[in-house]
Amino acid sequence: MQLNLAIIGLGGVGRGFAELVADRGVALLDRHDIDLKIVAVSDAFLGFAFDPEGLDPLQLAQLPREAGALAALSGGQANPDNRRAITEKVVDFVLEATVTDPVTGEPAMTHCNLARESGKHFVTSNKGPIALDGRRLRREAATSRLGLDYEGVVMSGTPVLRFGRECLAGCRIDGFRGILNGTSNFMLGRIEAGATFQAALKEAQDLGYAEADPTADIGGSDVRLKTLILAQEFLGFHGAPTDIEMQGIAELKAEDVHAAPAQGRRWKLIGEGRRNADGRILLSVRPIALPLSDPLAGVGGAMNAITFSTDLLGDVTVSGPGAGRRETAFALLSDILGIVRMAVPPRYNLRKAASQ
Ligand SMILES: NC(=O)c1ccc[n+]([C@@H]2O[C@H](COP(=O)([O-])OP(=O)(O)OC[C@H]3O[C@@H](n4cnc5c(N)ncnc54)[C@H](OP(=O)(O)O)[C@@H]3O)[C@@H](O)[C@H]2O)c1
């Protein structure tokens, strides 16, 4: 089955996805009978390119980071044209990987709406539109019988959303607690080992974990958006980011972080959601000194993890990478495969797997 894709935003994640298609295209065809073709790309900085026969994914992955660079491709131009990329008739799936705006969700919100109006499936790694208006977007996509998925918005490629939705489907999820930001987790580990806050931040920036402006990582707002998405998804919460009490790691005292293990504890920045017996949903983002016996206390470096509290299994913890261009590109690929699987009877896949 050939799937024609449009990528909006050819930054780290968009290029990572093009690289995956270049590397894995043959394996995907063999294993899943899916032939992924990137037919359109639009990026604010690089311009636009369209080829209904398929653009070269390796060329896209390796495109020089120069203004208007897509003009060098056949069917290319220096100016972006997101609308055309999304609405071109041959496009089946839109992959949205532009920058996250936590206040308006734009430009991704507009891209998502346009994709639905144009009858395209939509996958994104962009937290903005999902945190701010995910309920409406999901409802409208379902009404239009279109796929919409966004595994990469929480813990990048580590499949926590699909895990909760599908693997825990028979359980009642009463709450979750997660380490949802790799930068702050890395920094807390370095501070515990004796680094100052500033030295730990510089190290995180040098290693490419922290943004040049690390406010969202250390102030907690990145974790707050992810906590909101998890709460909407698993606790049925309806609300805004500002409904969640938030404290980042900047106010923690380095000596407290350093001293905690001797007291059998370790500081972690935790995004938490819980449904009380009275049905009230309590959400917070704050540093917590966890007992060392807590599975989250053992999650070090830039890794992420989440513990779901369920009625039938008790606590279940999933850990894995929480960022990275390749990891997030994998999340987009898993979204596409998931949407295709929903549309194609599962028996088909079983028969195919058995014959391999
Ligand atoms: N990287 C990760 O590890 C990771 C993990 C999980 C989720 N995410 C999310 O995935 C998305 C992409 O991340 P990234 O790391 O690839 O970001 P990035 O490297 O900054 O790439 C974003 C690209 O989108 C372009 N862009 C911005 N506004 C646009 C618009 N209106 N139309 C078309 N293109 C536009 C940017 O161009 P300019 O440079 O000119 O702005 C840039 O080339 C973000 O929402 C991010 O939060 C990333």
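A short reminder: the numbers here are calculations on the coordinates, not readings from a lab. Only a predicted model underlies this, so the values are computations on that prediction, with no experimental measurement involved. Using ideal geometry, Cβ is built from the backbone for each residue, glycine included, and neighbour counts are taken over all protein chains shown.
Each of Ala18, Leu29, Phe50 was scored by the projection of its Cα onto the charge dipole of the stretch 14-75, and the greatest displacement toward the positive side belongs to Ala18; charges sit on the C-beta of Lys, Arg, Asp and Glu.
With contacts taken as Cα pairs under 8 Å and at least 6 residues apart, the stretch 146-220 reaches a relative contact order of 21 percent. Relative to the longest principal axis of the Cα atoms of the chain, the long axis of helix 221-235 lies at roughly 80 degrees. When you restrict to C-alpha pairs under 8 Å that are six or more residues apart and normalise by the size of the chain, the relative contact order lands at 18 percent.
Positive-end ranking of Ala72, Gly338, Gly300 along the dipole of the chain, with charges on Cβ about the Cα centre, is headed by Gly338. Given +1 at the Cβ of Lys and Arg, -1 at the Cβ of Asp and Glu and no other charges, the dipole of the stretch 211-285 around its Cα centre is 380 debye to the nearest 20.
Mean sequence separation of contacting Cα pairs (under 8 Å, at least six apart), scaled by the length of the stretch 216-356, corresponds to a relative contact order of 17 percent.
Neighbour counting of Cβ atoms within 10 Å sorts the residues Ile130, Ile34, Ile306, Ile244, fewest neighbours leading, into Ile34, Ile244, Ile306, Ile130.
Cα centroids of the stretch 149-189 and the stretch 218-250: 13 Å apart. The charge dipole of the stretch 70-127, taken about its Cα centre with unit charges on the Cβ atoms of Lys, Arg (+1), Asp and Glu (-1) only, comes to about 100 debye. Please compute the net charge surrounding Gly271, taking Lys and Arg as +1 and Asp and Glu as -1 over other residues with Cβ under 12 Å from its Cβ. Neighbourhood net charge equals +3.
Excluding same-chain neighbours fewer than eight residues apart, the lysines reachable from Lys120 by a Cα-Cα span under 16 Å are Lys37, Lys89. For the chain, a crude dipole built from +1 on the beta carbon of Lys and Arg and -1 on the beta carbon of Asp and Glu, taken about the Cα centre, is about 900 debye to the nearest 20.
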